[in-house]
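Taken together, the values in this text are just the output of simple stated rules run on the coordinates, not laboratory data. Treat the numbers as computed from the prediction; the structure is a model and nothing was measured. A quick note on method: Cβ atoms are made from the backbone with ideal geometry, for glycine too, and the neighbour counts reach across all protein chains shown.
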């Protein structure tokens with residue numbers, strides 16, 4: 001019998017901080033698309049201990065977060081896993097613990113956190129100004145970003 | 001002149017930079033503490049119905065969303081000229097006590113304990129919560145996570161969401177509490193009380209029974225003689241949700257006591273050209289610069305200042321611990337910055353006890369959840385104690401309740417001058433001519449402001465951050481001679 005995995009798509013960010021809200025925005029749109037009945041959708045504001053509570057009980061988690069790199073083009077979509085971890089906006093910008101420390105903590109305390117973790121990060125332009133709208137490059141590129149994220153999620157889900 | 005740059009700061013909410021300028025003798029000349037600022041919050045609020053603000057402000061800080069939500073809810077009540085009915089008030093306070101339990105727990109075990117349990121000179125790879133668990137055992141770590149989660153569950157139940165809170169509506173709250181839910185919260189609160197007592201026992205065993213630590217707290221370069229601010233009830237007991245703001249001077253005498261709408265008569269903000277963040281001071285004394293003592297206009301608003309400013313705690317166990325703290329530390333007021341950790345744990349116990357009291361209150365399951373709204377006065381101030389200090393929200397609206405202007409004095413902002421002074425004092429105490437600035441010394445300097453549990457996320461209207469630390473030591477000509485990178 002095929003075991004059905006519970007998969008969480010977790011958007012991280014602040015949706016009143018311009019491009020910082022790209023993760024939650026994508027998750028809200030993904031939730032409307034009926035991609036896979038086994039997907040759960042959620043949004044969170046920050047990482048660390050908070051994230052642990054969101055991901056507990058799932059088999060696989062796909063984080064969608066914002067990222068700012070030195071040379072990246074706004075709208076570029078990246079994929080990585082914790083072992084080749086790069087800092088995204090919220091998995092490293094946390095209230096109390098960073099994401100990797102939290103994972104380690106969960107492991108030591110045997111909290112039953114999933115180990116099958118994936119990160120999709122979108123290069124952003126602005127996250128220092130309050131606003132509900134994305135900046136022009138991301139707004140303009142949004143349909144392509146969404147398609148790319150859907151494609152990545154489907155591939156990750158099959159792994 | 002040599003220049004040391006710490007940028008950004010570890011285990012501190014929001015990201016910031018400390019620059020320590022040394023003179024040619026290798027001693028501290030000056031210290032600047034800077035934080036980047038997010039822009040446009042006031043503009044973002046203008047033109048919106050004021051009743052939207054409690055939900056919006058919960059998003060300006062991922063660290064203390066519940067505090068902003070509460071201060072905002074109270075300011076909105078004032079804008080509409082209403083007082084929530086007793087049940088609604090108690091439900092708000094119940095939520096708020098759970099918020100304090102979860103926040104103070106996280107601060108002690110994740111941010112403060114590593115310095116004491118693992119040790120201030122331990123390598124950064126060990127000086128974190130994982131190192132704490134290695135020392136104290138997995139069972140305690142599991143309990144910390146559990147109690148924090150239970151407090152979050154209470155907030156999620158009453159607040160609609162544990163982070164993006166939507167509890168308060170003008171004149172009341174959006175939902176009540178069933179008897180079953182109340183019983184569940186009471187059970188959790190009983191656990192909080194035991195957990196707070198246990199945490200104080202850890203503090204006693206690890207810190208108070210260690211002569212080196214007690215000496216560091218009382219005699220190290222961590223003492224700062226400032227006035228103390230805190231919200232008090234009608235009996236001058238500590239209160240986080242409601243009451244008047246009381247300020248006592250460096251000798252413990254009352255300087256002033258004011259209601260929320262009067263805050264502008266008592267507090268003003270000084271501006272320095274090198275930082276976006278302002279420096280609140282006591283108007284009665286005036287801004288006299290970054291000086292400590294009776295003639296200074298600088299105050300602090302912290303767990304320790306709240307205890308200094310009050311005549312006691314409103315719950316029995318916390319009161320006992322309050323008395324023990326002052327007896328041990330030589331009477332009121334206490335000016336030892338690191339004693340904030342003890343004061344925070346006294347508050348943890350108070351929050352737990354008050355949470356239980358409120359859960360057992362017959363009125364908590366009442367059905368009258370909202371007051372009738374009247375004409376709109378168009379201006380309102382709400383003040384609560386955030387974990388990090390007195391939090392003030394002030395809104396101005398038109399006659400339809402549309403926001404025209406917003407002013408917020410965040411908990412950490414109250415402490416901006418005090419934090420700068422504490423860092424300088426610690427730096428002066430530990431950086432000496434001919435002494436290599438090691439990671440351990442850096443951490444001892446960091447401890448001076450970590451005690452404040454500062455959150456620059458909302459102080460600068462910025463989202464929380466935790467980033468690596470870089471220390472650079474430069475020759476007077478700017479040439480880099482030493483660089484330390486952490487994390």
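Placing R0 at 41 angstrom, the Cβ-Cβ distance between residue B:225 and residue B:83 gives a FRET efficiency of 0.60 after rounding to 0.05. Averaged over peptide A:105-111, the number of partner chain Cβ atoms lying within 10 Å of each residue's Cβ comes to 5.
Given in Å, the Rg to one decimal and the Dmax to the nearest whole number for the Cα atoms of chain B are 21.9, 70.
Cα gyration tensor of the range B:292-395, axes a ≥ b ≥ c as square roots of the eigenvalues: rounded (a/c below 1.5), prolate (a/b > b/c) or oblate? Cα axes put the range B:292-395 in the oblate bin. Quick check: the angle from helix B:439-450's long axis to the longest principal axis of chain B, C-alpha only, nearest 10 degrees? Rounded to the nearest ten degrees, it is 30. Name the residues of the range B:290-330 whose amide N is less than 16 Å from a point 7 angstrom out from the Cα of residue B:257 along the C-beta direction? Answer for the range B:290-330: B:306-314. Averaged over the residues of B:138-146, the number of partner chain Cβ atoms lying within 10 Å of the residue Cβ comes to 3. Using a/c under 1.5 as the rounded threshold, could you call the range B:13-138 rounded, prolate or oblate? The axes a ≥ b ≥ c are square roots of the C-alpha gyration tensor eigenvalues, and prolate needs a/b larger than b/c, oblate otherwise. In terms of gyration-tensor shape, oblate.
Per-residue Cβ counts within 10 Å, from other chains only, averaged over A:121-133: what number is that?
Averaged over the peptide's residues, the number is 3.
The Stokes-Einstein estimate for the range A:97-159, based on a Kirkwood radius over Cα pairs and taken at 4 °C with 1.567 mPa s viscosity, is a diffusion coefficient of 88 µm²/s.
Express the relative contact order of the range B:161-296 as a whole percentage, based on alpha carbon pairs under 8 Å and six or more residues apart in sequence.
Details: 123 pairs, mean separation 17.0, N = 136.
Worked out over the range B:161-296, it gives 12 percent.
Pairs of Cα atoms under 8 Å, at least six residues apart: use those to get the relative contact order of chain B, whole percent.
Working: 1080 pairs, mean separation 139.4, N = 487.
Relative CO of chain B lands at 29 percent.
Listing B:287, B:274, B:342, B:396 from fewest to most neighbouring C-beta atoms within 10 Å gives B:274, B:396, B:287, B:342.
Quick check on packing: order B:416-423, B:262-269 by the mean number of other C-beta atoms within 10 Å, highest mean leading. Numbers along the way, then the final one.
Values: B:416-423: 25.5, B:262-269: 16.4.
Highest mean packing first, the order is B:416-423, B:262-269.
For the peptides B:20-27, B:225-232, B:381-388, the ranking by mean Cβ contacts within 10 Å, running from highest to lowest, is B:381-388, B:225-232, B:20-27.
What separates the Cα centres of the range B:141-198 and the range A:32-46 is a distance of 26 Å. Model label points for residue B:372 and residue B:269, set 7 angstrom from Cα along the Cα-to-Cβ axis, are 3.9 nm apart.
Express in % the proportion of alpha carbon pairs of the range B:75-174 at distances exceeding 16 Å. Tail fraction, whole percent: 63. Averaging the sequence gap over all C-alpha pairs within less than 8 Å and six or more residues apart, then dividing by the number of residues, gives chain A a relative contact order of 31 percent. Approximating the spin labels as points 7 Å out from Cα along Cα→Cβ, the residue A:132-to-residue A:70 distance works out to 3.8 nm. Helix A:99-108: angle to the longest alpha-carbon principal axis of chain A, degrees 0 to 90, nearest 10? Taking Cα atoms only, the helix is inclined about 10 degrees. Only DSSP H runs of four or more residues enter the estimate; each adds -39500 (n - 2.57), and after division by the residues of the protein assembly as shown the mean residue ellipticity at 222 nm equals -11500 deg cm²/dmol. The modelled label-to-label distance for the pair residue B:210/residue B:198, using points 7 Å beyond Cα in the direction of Cβ, is 2.1 nm.
From the Cα gyration tensor of the range B:168-267, with a ≥ b ≥ c the square roots of its eigenvalues, which class applies: rounded if a/c is under 1.5, or else prolate if a/b is larger than b/c, or else oblate? Note, shape of the range B:168-267 comes out oblate. A simple packing score, the average count of other Cβ atoms within 10 Å per residue, orders the peptides A:68-74, B:373-379 as B:373-379, A:68-74, with the highest score first. Axis angle, to the nearest 10 degrees, between helix A:136-158 and the longest C-alpha principal axis of chain A: 20 degrees.
Principal axis extents of the C-alpha atoms in the range A:7-158 (largest first, rounded to whole Å): 44, 33, 25.
Please work out the Kirkwood hydrodynamic radius for the protein assembly as shown, using every pair of different C-alpha atoms, and report it in angstroms with one decimal place. Could the numbers behind the result be given before it?
On the way: mean 1/r = 0.0397 Å⁻¹.
Radius from the Kirkwood sum: 25.2 Å.
When both bridge partners sit in the range A:7-158, DSSP labels roughly 15% of those beta bridges antiparallel.
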